[in-house]
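Note sheet for the following structure.
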Amino acid sequence: MTHPSPWRATVLTLFPEMFPGPLGVSLAGRALASGLWQIEARDIRASATDRHRSVDDTPAGGGPGMVLRADVLAAAIDAAEIGPDRPRLLMSPRGRPLTQARVAELAGGPGPLIVCGRFEGIDQRVIDGRGLEEVSIGDYVLSGGEIAALALIDACVRLLPGVMGKEASGTEESFSDGLLEYPQYTRPQLFEGVPIPEILTSGDHGKVASWRRAQSEALTAARRPDLWAQIPPKIPPKAPNRPRRQKTPKNKTDG
Ligand code: SAH
């Protein structure tokens, strides 16, 4: 299904000049130039109403830093006139960690509104009142939501139809099947005395596929036990003639 208008990211930020930024080059940049997606960066400050165009104030209850004002940010969200079908995201270290599955969902929709926080964050009443979904890009703190928004948009854009050269390259990589990607090699055949694993140059596609699968599984088990625990246990290959009883109890019987 194609949407009537191209996928679109609407970003609310105090620094609209940060967009498209790095998304204006390479894969995403070419796709942007050819109209496969759109980006609109809107200046939150344009919704400030007082003489000094102030967007932030000191935190109620005390403490360091400043907080983005509820009235200004809510006005900026309302002015963006986002329809009810577009997700409304807030980049936030408190949010649910972004996953490839959520990225694929977002890429499959009309494209989100993304609010970028600054300072100590934003007034809770805007999060609640405008139904913002908090999204984190990892357990570390950035100085603003813009770089997080760029990361999220980049991850979405490369999944849009027509953006990546080969259809397959989006479905075979890390996370898409719950596993990390296998190691990649290219020419030269011999690099600093290390050859490309023989199997990859054998021309045997079946063997290559099972080698890659085994590598992916080993890497995932070693590096990301959290992901590995979610992989359903393998269905054992059919016994040649009659069903055999299992001699040893399997490691993973449930979960
Ligand atoms: N005081 C806040 C951090 C504010 S950082 C706290 O402790 O939670 C300023 C802004 O940067 C945030 O409002 C958010 O928009 C953005 N940001 C920082 N780290 C982020 C992360 N890991 N993921 C997404 N956005 C982040």
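FYI, it's all coordinate maths here, none of it is from the lab. Just so it is clear, the structure is predicted and the values come from calculations on it, not from any experiment. Note that each Cβ is placed from the backbone with ideal geometry, even for glycine, and that neighbours are counted across all protein chains shown.
With respect to the conditions (1) closer than 13 Å to Ile153 by Cα; (2) without any contact (Cβ under 8 Å) to a residue 12 or more places away in the chain, Glu81 falls short on a single one, namely (1).
Identify all residues within region 187-221 that are of a type in the set (Ser, Thr, Tyr), more than 26 Å from the chain's Cα centre (by Cα) and not in a loop (DSSP other than H, G, I, E, B); write none if there are none. If the condition is that a residue be of a type in the set (Ser, Thr, Tyr), more than 26 Å from the chain's Cα centre (by Cα) and not in a loop (DSSP other than H, G, I, E, B), then Thr201, Ser210 are the ones that fit.
In the set (1) over 17 Å from Val126 (Cα atoms); (2) more than 28 Å from the chain's Cα centre (by Cα), Gln38 fails one condition alone, (2).
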